[in-house]
Structures are given as C-alpha cells and as structure tokens.
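See structure below.
The values are calculated or read from the model by the stated rules, or taken from the named source; none is laboratory data. The shown structure was predicted, so the numbers you read here are calculated from the model rather than taken from an experiment. When we count neighbours, we look across all protein chains shown, and the Cβ atoms used for this are built from the backbone with ideal geometry, even at glycine.
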Amino acid sequence: MYNGIGLASVRGSGTNGYVTKNMAHVSRQRQADRKSQDHFREPPKLRAPAKANSEILDHNRKREVEVKCLALQEQLEEQGLAADEVEEKVSALRTKLLVKLPAPGESSSSGVGGRTGETHADAERKAAEAAALKGALGISESYVPGQAFDRELQQKLKEERMAKREAEEQARREAEEELEREREREERRKRKEARREEKEAARAEKKLRRSKHRDEEDD
C-alpha cells in the first residue's frame, strides 16, 4: 500500500500489490484534447442559409392586402354606408395595395429591420442583407460560404491559378520571341537595303568616272 492506495494484503488477490497505471483509461482531458484536435483537423461544415419561397411570400402579401380590405369593409359597414359604396371603396383600396406589391419572385425587403417571425420573410430579409454586404465588401456572386475550409477545393483553385499564370507567362514569352524575330527581320532588311544602296552608289560613281575618263580621252 502506498499513500493509502493499494491492497493491504496481496494474499489471494493474484497481484503483486503494486499500484499501476491503467493504460486503457482515457481521461476527460485527453478526450477534450482529441476533440479539439479533430475540430481543427476537419473543416467545419457550414449549413447553407435557408432560401425564401417566393410563392409563399406573394401569397402572404396578398393575404395582408385582403386583411386590410376586410378591415376597411367592416369599418364602412359600421358607419352605415351603402353596399355599392363600400364595395367601391374596398375595391379601390385593393387595387392601390396590389399595385404597390413587388412582382412575383422579386424581393421587397430593403435588408433593414428585425425579425418578423415569418420564416420566408426573415429568409428574404437575410438574403437582402447578405447581398448588400457582399456588394459593400466586393465579394463575388460565385462565392460559396465555407469554401475557404475545403482543402481539396482550395488546392484545385490554386492549381488553376498556377496553370493560368503559366499560360499567361508562356503567351508573354512567345509574344516577346515573336517581337524579337520581327526586330531581327527588320534589321536584316535594313542592312540589305543599305548594302543595295551602297552598291548602287558605287556603280553610279564608277559609271561617272568612266564617263569622265571617256570625255578626257575625246578631248
């Protein structure tokens, strides 16, 4: 026994009485460390934001219009107006409100405001906020949330960028080589033109000397 731990007597226990460490036991600290390592090893899986159903949103907007029309109808009937006049005013209000509604599939949220409690309206508002933020930060529309943690995708994008740079560098080298060849052809053409002019000048000078010599002999 050591420090109050162990067997007082090993007789019949089948052990030697020494306190040994249980190597199969995994402590809570080791479990927490392993979980933290797994968290950093594996990329987090981000859930795509919920998308608003445009048909449900259009239905809810039209229902709100009908609710307002019904409230106006009840108010006018309580005032004792004629049925024709009530119907006319309710129809005018309905037409006015329907004209202000956005087209089907078009977002009417400005991206400002709190939660409404309606799933699709909140999703539409959230999408408008995200679009405004992307525009402010200059984020491309093709950006996918969480793609920065996808190692395979990042490796593929890196290889594509490298291939694009190599292709651009190759095109630049080919353009420079073509320009150099064009420059050499131009220089050869100029040298050839200069030699031809020299020959013509020498031929003209020789012809002039012969003509002068012939004139001297005639004199």
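For (1) modelled with pLDDT of 70 or more; (2) in contact with a helix residue (DSSP H, G or I) (Cβ under 8 Å, 6 or more places away or on another chain); (3) within 30 Å of residue 147 (Cβ to Cβ); (4) part of a loop (DSSP other than H, G, I, E, B), each residue gets a yes or a no:
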residue	(1), (2), (3), (4)
9	no, no, no, yes
34	yes, no, yes, no
40	no, no, yes, no
49	no, yes, yes, yes
75	yes, no, no, no
91	yes, no, no, no
95	yes, no, no, no
Qualifying positions in segment 51-73 - modelled with pLDDT under 85, part of a helix (DSSP H, G or I) and not hydroxyl-bearing (Ser, Thr, Tyr):
55, 56, 57, 58, 59, 60, 61
Return the only residue of 125, 161 being out of contact with any strand residue (DSSP E or B) (no Cβ under 6 Å at 6 or more places or on another chain), modelled with pLDDT of 90 or more and in a helix (DSSP H, G or I).
161
